[in-house]
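**Student:** Here it is: the structure, laid out below.
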Amino acid sequence: MTADFLILSLLTLVGAVAAVSLRNLVHCALALAAALAGLAGLYLHLQAQFVGFAQLLVYVGAVAILIVFAILLTRGSDSEPDGPPATRGWVPGAGLAAAAAGLVVAAILSSRALAPSLQSSPEAPVRAIGEQLMTRYVLALELIGILLTAALIGAVIIAMTLPSRRSAEHKPQSRTSIPDL
Amino acid sequence: MAEKLDQIFVQAKHELVRWLLCHVPGAWAEVLSALLSIATLLVAFAALFALTTLLERKGLGRIQNRYGPNRVGPFGLLQPVADGIKALTKEDVVPRAADQVVHFIAPLVLVVPVFLALAVLPVGRNMVVVDLDAGLLFFFAVGAATELSVFMAGWSSRNKYSLLGAMRAIAQMISYEVPLILSAVTVVMMAGSLSTVRIVEVQAGFSGWLPHWHVLTPWGLAGFLLFLIAAAAEANRCPFDLPEGESEIIAGYYIEYSGFKFALFFLGEYIGLFAVSGLAITLFLGGWTAPLPFVQWVPSYVWFFLKLLSLIAFFIWVRGTLPRLRMDQLMSFAWKFMLPLSLINLLAAGLWRFLPEGLTRWAFCSLLLAAAYIGLGRSLVQRRNLGRRTYRFAE
Amino acid sequence: MLGEGIIKGLAETGRNFLGSYFEPDRLVTVQYPEERLPAPETARTFPFLVYDGDDWQKGLRCVACQICEKECPPQCIYIVKDITKKPDYIGKLQFQPKVFDIDLSVCMSCQICVEVCPFDAIKMDVEFELSTTDRFGRLLLHKAELAKPNEYYHKIHPAEAAEVDARLAAEKAKALAKTQADAAGKSVSPKPALKPLAPASG
């Protein structure tokens, strides 16, 4: 356990705890972004450059912004709930969360996939990932690429107002409806 | 001689590290080397920032038939010093209703990532702070944090203008990040690497008089222009300066910042511009390579900074020329013009790669891109998305 | 085609940029402390008091009627009447101000005091380099600092001053004619000992 690991895990944990316990929703979102950034740091610490940078790009750059946008567009950023943060149901909730976390940890510890990597941490250079994506997983990559491109173009088409609908929108605003000043 | 001059900074760093290692344990060698590189980079780009603020004011002045600053020092050369002293001695005003912690952190969250992004730019032969395998990905990943900083600044100030500016800035940055990255991907396709150093190496060399720069190919030219436009939008430069439009929302997200925090925002913005211009140079303009075979004796870093300065000058020129876009124009330009064109450019780059060398692929790719440009441009103009807007009540 | 206008605009600004180095006529700005544009005839900054002749105390046209003080919208004028009187340009005895203060930091240069003054005693100055670090010492002007000779008025607003002088001379001639007619009619009471002041020069 080195100092950099300690700092990064502390950042991740504090961010995660703050994200669920702070009262102001925007603060929660920012704390979540900090936790995600800490996670990206942990990936980098494990020599996984590609995953680390992708985590930073996708989660801090896009998901955090998406969350922030959702908060601002749905409810006022100032609205803080009145009562105490924990409701009566927190004991079963905590029990459930602990059970779920225990299950995941147990599953990971007992899995065979982890066993060899504990002894020799395999390096995953970007080049190796690229080669794998281009050879073994090329079909999956292409499919995801097509899906995302289709989503991108779909978003543009949704945003585009159709000419017919647009002219209908503009029709009622004739000059006669406006009183002359 | 030319070789020595080219590597003078690299040599100096090695000598300095060797000298320092006489006084500190050997395990520090890497840390010392990195620290020296970072310090040099910080000083160089901070100096460039000071120079650019002056150049911008002078250039804009001349464009508007004025003199520009000419009072402090000879020809106004000491103006940045005066500006710096002013920023440092000003009172730091924080609104009472502001979210103190977030308000304080926001400028730091902007300045740290933009300086980090400089780490992967090769400013000369063997002159890069870290040569990452995923250098390009690193650049875009740290750039993503700036959006969060803009939001933090805008939201924490508790000011309508600043929140409006922040929302505009985020919408704009997200929209233009897509064509920015897509146009950079073409270069990755050609170079076959995400490493910035490797990308520059690919562009070294000449065929006849012409360098092997990416900008001298059809897809490279289109990619360069797309990248430049998207970069201007990412850096909130005119004509995409809606987030801080002085005439409508005063200064946007940093309206409530004063003194040194404002200076930090200013610095962050300019360093971001340098970083993204530097990336454009690395990707398309051949990085630190010389433009002509017989001027290769000029040190590589000189070429890099010359290219950087000319790009900055171009940005200033554009700022002095174009008016600010409207929000709907901005968005339709990003999604209906830039995005399709960058997708078509990806296609053109793929074709370029697989077609046999010769005039045919030149003609084919150029025709494809020209047709796409004209078609998209015509539809954009005809749809009046960039034309006159009809108002319901204001006529 | 899209982008045509951008090229045109860039060419225009580029021409401006280069032209500003080679054609000095393009530069429209004036390097202020060294170069100055002449002030236009109608320029105005803050009021001052006009006096005739050489002695500012004797020649002050102001008769302390306090109309300007009452009319001044931001109330920057402060007047105290003196008990003793002095003759005006016709020779008639009039009151004079004991205190006449104008606070320039309050004045808004509206020129209403000039409009309402029946004696043409208060006029607008063109002096604008008044910046100071001493707000009360240098911007609250007293009678002595406010009083400026009629020649100065002629220098800054020649046409307006000539018109004022012509009117005053005409009034004086009328008053003189009237007193002479009165004197000829009655020929009893002697003229006041004081000689009427000379009409404004210029």
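**Student:** Looking at B:Val10, is it under 18 Å from B:Val302 (Cα atoms) and either open to solvent by less than 80 Å² (accessible area, probe 1.4 Å) or among the hydroxyl-bearing types (Ser, Thr, Tyr) (or both)?
**Tutor:** yes
**Student:** Tell me, please, whether a residue that is under 30 Å from B:Leu221 (Cβ atoms) and either out of contact with any Leu (no Cβ under 6 Å at 6 or more places or on another chain) or of a type in the set (Phe, Trp, Tyr) (or both) can be found in region B:245-263. Explain how you work it out, then say what you get.
**Tutor:** The first filter runs over region B:245-263 and keeps only residues under 30 Å from B:Leu221 (Cβ atoms), leaving none.
No: zero hits.
Here's the yes/no breakdown for (1) surrounded by 20 or more Cβ atoms within 10 Å (Cβ to Cβ); (2) farther than 30 Å from B:Asn159 by Cα:
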residue	(1), (2)
B:Tyr270	yes, no
B:Leu273	yes, no
B:Pro299	yes, yes
B:Trp303	yes, yes
B:Leu339	yes, yes
B:Leu343	no, yes
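**Student:** Please count how many residues of region B:277-296 are open to solvent by 10 Å² or more (accessible area, probe 1.4 Å) and either in a helix (DSSP H, G or I) or more than 18 Å from B:Asp6 (Cα to Cα) (or both).
**Tutor:** Looking only at that region, the number is 4.
**Student:** Another question about this same structure. Give all pairs with beta carbons closer than 6 Å in which a residue from region B:245-256 that is over 16 Å from B:Gln172 (Cα atoms) meets a residue that is polar (S, T, N, Q); count only pairs at least 6 apart in sequence or on separate chains.
**Tutor:** Listed pairs, sorted by first residue: B:Ile255/B:Asn159; B:Ile255/B:Ser162; B:Glu256/B:Ser157; B:Glu256/B:Asn159; B:Glu256/B:Ser162.
**Student:** So, one more: Which numbered condition trips up C:Leu10, out of (1) among the aliphatic types (A, V, I, L, M); (2) assigned to a loop (DSSP other than H, G, I, E, B); (3) modelled with pLDDT of 85 or more?
**Tutor:** Tallying (1) among the aliphatic types (A, V, I, L, M); (2) assigned to a loop (DSSP other than H, G, I, E, B); (3) modelled with pLDDT of 85 or more, C:Leu10 fails exactly one: (2).
**Student:** From the list B:Leu182, B:Leu210, B:Leu194, which residue is without any contact (Cβ under 8 Å) to a residue 40 or more places away in the chain and over 30 Å from A:Leu25 (Cβ atoms)? Step through it out loud before you land on a result.
**Tutor:** On the way: B:Leu182 fails: without any contact (Cβ under 8 Å) to a residue 40 or more places away in the chain; B:Leu194 fails: without any contact (Cβ under 8 Å) to a residue 40 or more places away in the chain.
Step by step, each of B:Leu182, B:Leu210, B:Leu194 is checked, and only B:Leu210 is without any contact (Cβ under 8 Å) to a residue 40 or more places away in the chain and over 30 Å from A:Leu25 (Cβ atoms).
**Student:** Can you tell me which residue in region B:310-326 is farthest from B:Ala171 (Cα to Cα), limited to those that are open to solvent by 60 Å² or more (accessible area, probe 1.4 Å) and in a helix (DSSP H, G or I)?
**Tutor:** Of everything passing the filter in region B:310-326, B:Ser310 is farthest from B:Ala171 (Cα to Cα).
**Student:** Out of (1) within 14 Å of chain A (Cβ to nearest Cβ); (2) open to solvent by 20 Å² or more (accessible area, probe 1.4 Å), what's the single condition that is false for B:Arg96?
**Tutor:** (1)
**Student:** Same structure, new question: Are any of the residues in region C:32-47 more than 26 Å from the chain's Cα centre (by Cα), assigned to a loop (DSSP other than H, G, I, E, B), loosely packed, with under 12 Cβ neighbours inside 10 Å and within 14 Å of chain B (Cβ to nearest Cβ)? Break it down stepwise before answering.
**Tutor:** Pass one, region C:32-47, residues more than 26 Å from the chain's Cα centre (by Cα): none.
No, the conditions are met nowhere in region C:32-47.
**Student:** If you don't mind, another one. Criterion first (open to solvent by less than 10 Å² (accessible area, probe 1.4 Å) and closer than 27 Å to B:Lys307 by Cα) does B:Val129 satisfy it? Working first, answer last.
**Tutor:** Working: open to solvent by less than 10 Å² (accessible area, probe 1.4 Å): no; closer than 27 Å to B:Lys307 by Cα: yes.
No, not satisfied.
**Student:** Identify the residue in region B:330-379 that is of a type in the set (S, T, N, Q) and over 22 Å from the mean Cα position of the chain (by Cα) and, among all such residues, is farthest from the other protein chains (Cβ to nearest Cβ). Steps first, answer last, please.
**Tutor:** Going residue by residue through region B:330-379, those that are of a type in the set (S, T, N, Q) are B:332, B:342, B:345, B:360, B:366, B:379.
Right, trim to over 22 Å from the mean Cα position of the chain (by Cα) and you get B:332, B:360, B:366, B:379.
Numbers: B:Ser332: 8, B:Thr360: 26, B:Ser366: 16, B:Ser379: 10 Å.
Looking at residues that are of a type in the set (S, T, N, Q) and over 22 Å from the mean Cα position of the chain (by Cα), I get B:Thr360.
**Student:** Another one. Does region B:153-167 hold any residues that are surrounded by 24 or more Cβ atoms within 10 Å (Cβ to Cβ) and more than 7 Å from chain A (Cβ to nearest Cβ), and which are they? Working first, answer last.
**Tutor:** Filtering region B:153-167 down to residues surrounded by 24 or more Cβ atoms within 10 Å (Cβ to Cβ) leaves B:153-157, B:162, B:165-166.
Selection gives B:Ala153, B:Gly154, B:Ser156, B:Ser157, B:Ser162, B:Gly165, B:Ala166.
**Student:** Still on this model: Could you check, for region B:24-35, whether at least one of its residues is surrounded by 13 or more Cβ atoms within 10 Å (Cβ to Cβ), in contact (Cβ under 8 Å) with a residue 60 or more places away in the chain and within 14 Å of another protein chain (Cβ to nearest Cβ)? Give the steps one after another, and end with the answer.
**Tutor:** Filtering region B:24-35 down to residues surrounded by 13 or more Cβ atoms within 10 Å (Cβ to Cβ) leaves B:28-29, B:32-35.
Right, trim to in contact (Cβ under 8 Å) with a residue 60 or more places away in the chain and you get B:34.
Now drop any that are not within 14 Å of another protein chain (Cβ to nearest Cβ), which leaves none.
Taking every residue of region B:24-35 in turn, none turns out to be surrounded by 13 or more Cβ atoms within 10 Å (Cβ to Cβ), in contact (Cβ under 8 Å) with a residue 60 or more places away in the chain and within 14 Å of another protein chain (Cβ to nearest Cβ).
The values are calculated or read from the model by the stated rules, or taken from the named source; none is laboratory data. Remember, predicted model here, so these are calculated numbers, not experimental data. Don't worry about glycine lacking a Cβ; one is built from the backbone with ideal geometry, like all the others, and counts go over all protein chains shown. Note: accessible area is taken over every heavy atom of the protein model, side chains too, but ligands, DNA and RNA are not part of it. Shrake-Rupley method; radii C 1.70, N 1.55, O 1.52, S 1.80 Å.
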